[in-house]
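The structure under discussion appears below in the form of structure tokens.
Readers should treat all values here as calculations from the given coordinates under stated rules, not as data from a laboratory. The model shown is predicted, which means the values in this text are computed figures rather than measured ones. Here the Cβ is made from the backbone with ideal geometry for all residues, glycine too, and neighbour counts use every protein chain on show.
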Amino acid sequence: MLTVEQLKNELLLEVAAGQNNMSNIIKGVYIGDLLSWVMAHIKKEDVWITIQTNMNVIAVAALGEASCIIVAENAEIEEATLLKADEEGIPLLVSPLSAYEIAVKINKYLQI
């Protein structure tokens, strides 16, 4: 069983917001940037990897019951998004890696 906190430590991710729910369980990974598509396909307890950083990503993650959001390639996150992530309790993490590189690393831990 992998938690957001464990993933943060293993992948050396930066926590930008939502640090109160780092114990969320991770069961899968979803990569996508088209919000309507993500909303229709993300599964409960997925890590969502994206480069989208506007406030709407928090609503999509909350509706899909995502474990957390990882913003790839150090994309700059809007202040309103950080505040909304804290308000909704959605862990929002940042990585310099590409979405593909992040997913490959996460897959290693999910295949245990």
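Summary table below
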| quantity | calculated |
| --- | --- |
| Length released on extending from Y100 to L63, taking residue separation times 0.36 nm less the Cα-Cα span | 10.9 nm |
| Phi to ³J(HN,Hα) by Karplus 6.51 cos²θ - 1.76 cosθ + 1.60 over the stretch 84-91, Hz, x for Gly, Pro | 5, 4, 5, 4, 8, x, 9, x |
| Inter-site label distance for I51 and K27 at 7 Å from Cα along Cβ, in nm | 3.1 nm |
| Three-way shape label, the stretch 2-110, alpha-carbon gyration tensor, a/c 1.5 | rounded |
| The stretch 2-110, relative contact order [Cα under 8 Å, separation at least 6], % | 33 percent |
| For L97, net neighbour charge (Lys/Arg +1, Asp/Glu -1) across residues whose Cβ lies under 9 Å away | -1 |
| Shape of the stretch 5-61, Cα gyration tensor, a/c cut at 1.5 | prolate |
| Amide H partners (placed H, <5 Å) of D33, local residues excluded | none |
| ³J(HN,Hα), Karplus 6.51/-1.76/1.60, whole Hz, each residue of the stretch 38-47, x for Gly, Pro | 4, 4, 7, 10, 5, 10, 3, 6, 7, 7 |
